[in-house]
Amino acid sequence: MPQDSLRLCLTVVALSGILAGCSSGTTTSAMNPPSRNVSSFAGLNTGTNKVVYLSSFNGQPGVGQVFVYSADLNAHPSAPKRVISQGTVRPYGMWVDSAGTLYVANIPQGDPTTGITEFHPGQGTPFKTLKLGLWYPTEVAVGADGTVYVNESLANNCTGDCVAIFAPGSSTITRTVPMNFTGYALQADQMAFDRAGNLLVGAATFQSGYHIFKMNVKTFKVTELTVDLTNIQGPGLAIDHSGNMYVSSAYTGQIAVFAQGAESPTRWMTPGAQDLTVTPDGTLYAMTGGGVDEYRPGSSSPDNSFNEPYYNEGFGIAIGPAQ
């Protein structure tokens, strides 16, 4: 099965697992309660001072784009502000760091990956590419110190789900850390950071379902969160500054919200989603596969949604500064 089609194919997989009474398992590591989000541009709050990036590959080999829309809870964008088509061959997960730099993870299809491309705010041509040593980069996250983390499967030097690490400023992998998790139809999913700066890593397989792992970014020790992920398939994962952890379940039509320290969902949001991103004040943006749902803090259903004819077959979402 081609890995780049996996999230679409998992629709049948996930629903079959639910009907069979399957649920995701956990191990016995204690949860380090998340309490801050760095999965979106650090200076953002609600209003119109931001843009939303949507990745799309249109289902055609070698044809990918990132659409840039104004992010406004009170408006329905009629067209993208601009379209990024360079350095976006097969764009999946994305991240915007504290400086507003956009990182795009490009998966391969038939050819080697074009890697992680980096864009300055407002620019449509990448100024840097991280490629050497990457095999199947699906999601990307960037630490406060500039370290780049890439969640990938089928890595050359790692079995199962792995995180490749690029030290600040480096163009080569400095370390690859296995999540010690593998199986049929393995999918590397979204990442986020907790209060202590640990990296939370999502991954899923057909048999074991969706799991969240915690990697200490200093010791590289990996444990699994003991949270109830029953009937939660991922792939989206985000954490806001209040410590709420959001986990999407694309194929059961829900987003689970775990309050800080909670091991079971404290509330649910609908509908489901692919990737997620959240601003510091808790405004959540959810990729629906054909557009965006926007939720004000505390909302259980979208306060604004838009679907666009320009946008087709995408999974990644990120929020950046106004351009």
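The values are calculated or read from the model by the stated rules, or taken from the named source; none is laboratory data. It should be emphasised that the depicted structure is a prediction, and the values quoted were computed from it without experimental measurement. Quick reminder, even Gly has a Cβ in these numbers, built from the backbone with ideal geometry, and neighbours come from all protein chains shown.
Points worth noting:
- Any hit, region 155-171, residues being of a type in the set (Ser, Thr, Tyr) and crowded, with 23+ Cβ neighbours inside 10 Å: no
- The lone exception for residue 172 - which of (1) over 15 Å from the mean Cα position of the chain (by Cα); (2) of a type outside the set (Gly, Ala, Ser); (3) farther than 23 Å from residue 132 by Cβ it fails: (3)
- Output for region 102-122, where each listed residue is over 15 Å from residue 54 (Cα atoms) and out of contact with any Pro (no Cβ under 7 Å at 6 or more places or on another chain): 108, 111, 112, 114, 120
- Of 287, 269, all but one fail to be touching a residue at least 24 places away in the same chain (Cβ under 8 Å), within 17 Å of the chain's Cα centre (by Cα) and buried (at least 18 other Cβ atoms within 10 Å of the Cβ); the exception is 287.
This table checks each residue for (1) in contact (Cβ under 8 Å) with a residue 12 or more places away in the chain; (2) of a type in the set (Gly, Ala, Ser); (3) touching a helix residue (DSSP H, G or I) at 6+ places or on another chain (Cβ under 9 Å); (4) outside any loop (DSSP other than H, G, I, E, B).
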| residue | (1), (2), (3), (4) |
| --- | --- |
| 182 | yes, no, no, no |
| 191 | yes, no, no, yes |
| 197 | yes, yes, no, no |
| 202 | yes, yes, no, yes |
| 214 | yes, no, no, yes |
| 223 | yes, no, no, yes |
| 229 | yes, no, no, no |
| 238 | yes, yes, no, yes |
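- Within region 124-158, the set of residues being of a type in the set (Ser, Thr, Tyr) and under 20 Å from residue 109 (Cα atoms) comprises 129, 136, 138, 153.
- Check on residue 201, of a type in the set (Val, Ile, Thr), surrounded by 20 or more Cβ atoms within 10 Å (Cβ to Cβ) and within 30 Å of residue 127 (Cα to Cα): yes
- Number of positions in region 117-139 that are within 24 Å of residue 70 (Cα to Cα), surrounded by 15 or more Cβ atoms within 10 Å (Cβ to Cβ) and of a type in the set (A, V, I, L, M, F, W, C): 1
- Filtered by the rule that a residue be at pLDDT 95 or above and either farther than 21 Å from residue 316 by Cα or within 14 Å of the chain's Cα centre (by Cα) (or both), region 194-205 gives 199, 200, 201, 202, 203, 204.
- Of everything in region 145-156 that is in contact with a Gly (Cβ under 8 Å, 6 or more places away or on another chain) and modelled with pLDDT under 95, the residue that is farthest from residue 278 (Cα to Cα) is 156.
- Selection count where residues are of a type in the set (Val, Ile, Thr) and either outside any loop (DSSP other than H, G, I, E, B) or in contact (Cβ under 8 Å) with a residue 60 or more places away in the chain (or both), scope region 154-180: 4
- Criterion: modelled with pLDDT of 95 or more, within 17 Å of the chain's Cα centre (by Cα) and of a type outside the set (Ser, Thr, Tyr) - qualifying residue of 262, 256: 256
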